[in-house]
Amino acid sequence: MEALGADEIERRLSEMEGWSFEEGFIAKEFQTKNWKTTIFVVNAIATLAEAHWHHPDLEVGFKKVKVKLTTHEAGGITERDFRLAREIDKIVAEVLKH
């Protein structure tokens, strides 16, 4: 899988709410209701990522989860990262509804 150029990354990010390019990753911070919800979000992301055979960096706080994606073997951001980011947005939205 080939890494995308900076212009393509920025173009794709402009179509996605809350995602940004930071230090070689696409990243987004999700606000949660409480610690219990935070853990539900982490578990949902972990399960989804494992199903995609992708391993994001997660920063976990009391009422937040920050996700950072890159494709290590490609040395940058790929379509694979954007595909997982879209899936993460969907699953987190479902978790936060409850």
- Note on the structure: Those residues of region 26-80 that are among the polar types (S, T, N, Q), touching a Phe, Trp or Tyr at 6+ places or on another chain (Cβ under 6 Å) and either at pLDDT below 95 or assigned to a helix (DSSP H, G or I) (or both) come to a total of 0
- Message: I'd like to verify a number: residues in region 43-69 that are buried (at least 17 other Cβ atoms within 10 Å of the Cβ), in contact with a strand residue (DSSP E or B) (Cβ under 6 Å, 6 or more places away or on another chain) and under 21 Å from R12 (Cα atoms), how many?
- Response: 4
- Return the only residue of F21, F30 being more than 22 Å from L96 (Cα to Cα) and in contact with a strand residue (DSSP E or B) (Cβ under 8 Å, 6 or more places away or on another chain). F21
- I39: passes all of (1) under 18 Å from R86 (Cα atoms); (2) among the hydrophobic types (A, V, I, L, M, F, W, C); (3) surrounded by fewer than 17 Cβ atoms within 10 Å (Cβ to Cβ) but (1)
- Query: Going through region 70-89 one residue at a time, which ones are buried (at least 20 other Cβ atoms within 10 Å of the Cβ) and free of Cβ contacts under 8 Å to residues at least 40 places away in the same chain?
  - Reply: L84
- Task: Answer yes or no as to whether V60 is closer than 16 Å to K28 by Cα and free of Cβ contacts under 8 Å to residues at least 24 places away in the same chain.
- Result: yes
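The values are calculated or read from the model by the stated rules, or taken from the named source; none is laboratory data. Please read these numbers as outputs of a predicted model, since none were measured by experiment. All Cβ positions, glycine included, derive from the backbone under ideal geometry; neighbour counts span all protein chains shown.
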